[in-house]
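The values are calculated or read from the model by the stated rules, or taken from the named source; none is laboratory data. Computed from a predicted model, the values in this text were never measured in an experiment. Cβ placement follows ideal geometry from the backbone for every residue including glycine, while neighbour counts extend to all protein chains displayed. The accessibility values were calculated without ligands, DNA or RNA, using every heavy atom of the protein model including side chains. Shrake-Rupley method; radii C 1.70, N 1.55, O 1.52, S 1.80 Å.
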Amino acid sequence: MPSSKPLMTSSSSSTPTSVESALRTLETEGGGINALAAALRGPLGEAFAKAVDLIRNAKGRVIVTGLGKSGHMARKIAATLASTGTPAFFVHTAEAAHGDLGMITTDDVIMAMSWSGEQPEMKTLVNYSARFAIPMIAVTSNAASSLGQAADIVLELPKAREACPHNLAPTTSTMMQVAIGDAIAIALLEGRGFTALEFAHFHPGGKLGAMLKFVRDYMRTGAEIPVKPEGTKMSDAVMEMSAKGLGCVCIVNAANEAVGIITDGDLRRHMRPDLLTALVDDIMTKQPKTVPPSMLATEMIEVLNTRKITTLVVTEADKVVGIVHLHDLLRAGVA
């Protein structure tokens, strides 16, 4: 029996309602970010600079706290701070009154997130901050709120309409909260000169961790390197390329210094009847791009992309010590 349900059709001439809704959401949230940027160029900028200085000079950690959606944003901000060189962790505002206050020391700085600034659960942390003279930064939309009045520094976020059509569900507001947290983290990172090498210490896992490893972690070494000396016949070089399976062969001088490289592309460009009897010196691309084994994988990928090549010769003290191929990086999940 045929179904009585109508067939779902779509029209290429009209934008689907769900996409229109998504665009409105993004535009509304984007408006909040623009308002935040404008505020930073004005009165908020001075308070922001003071907050960054306070955190930078603190002996302890940043205790980021919040409740509800603000709590979720606070947890993310704490993670971003910690991963970029600023010791930080999240304390749930409600749990603070049930023993978690013991996590906070007098050397710390509290960053309290509350859009309204009037959450009753925040009172415990406010009192604890005052009792032990622990500096507090309030991130709120209402500087005149209880939280704002109790804080040492107030980062008053501009009031902006939520993306929710009822102006109720925290959307634009949470976007601004996490944005100001990111801004603080990056300002601290740049202020202390936090390097990619330091960043790697905190991100050993996943694709990000793979990208923060070094060339030496991915290069082929020893007998795996396709290499032939100057003066070699092309027939021998092609056999070496085929045996090592990297589509290239590195040409070295008597001191084991890279003087050239021959790739599959070079073979195609020089295809002629006497190719196999020619010498590698006449076919190779001279002065191949080399990288040191200490280079970060991210920098190595940038070199490959910029030069539009798939292979890099690795040298140390001008001697060939390895070779890196794009396929190895793809298998490792780096590229």
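Observations on the structure shown:
- Residue within the stretch 1-14 that is of a type in the set (Val, Ile, Thr), exposed (fewer than 14 other Cβ atoms within 10 Å of the Cβ) and modelled with pLDDT under 95 present: yes
- Residue match in the stretch 27-43 (condition: among the hydrophobic types (A, V, I, L, M, F, W, C) and more than 24 Å from residue 163 (Cβ to Cβ)): no
- Meets criteria (among the polar types (S, T, N, Q) and modelled with pLDDT under 90) for residue 195: yes
- Any hit, the stretch 79-91, residues being loosely packed, with under 11 Cβ neighbours inside 10 Å and modelled with pLDDT under 95: no
- Single unsatisfied condition, residue 289 versus (1) under 22 Å from residue 253 (Cβ atoms); (2) in contact (Cβ under 8 Å) with a residue 40 or more places away in the chain: (2)
- Being of a type outside the set (A, V, I, L, M, F, W, C), surrounded by 19 or more Cβ atoms within 10 Å (Cβ to Cβ) and closer than 23 Å to residue 96 by Cα is a condition met by no residue of the stretch 49-59.
- The stretch 92-145, residues that are over 25 Å from residue 36 (Cβ atoms), β-branched (Val, Ile, Thr) and open to solvent by less than 70 Å² (accessible area, probe 1.4 Å): 104, 105, 124, 134
- Positions within the stretch 148-163 being hydrophobic (A, V, I, L, M, F, W, C), farther than 18 Å from residue 64 by Cα and open to solvent by less than 20 Å² (accessible area, probe 1.4 Å), in sequence order: none
- Scanning the stretch 252-305 for residues that are open to solvent by less than 40 Å² (accessible area, probe 1.4 Å), farther than 22 Å from residue 319 by Cα and either among the aliphatic types (A, V, I, L, M) or touching a His at 6+ places or on another chain (Cβ under 7 Å) (or both) turns up 267, 275, 278.
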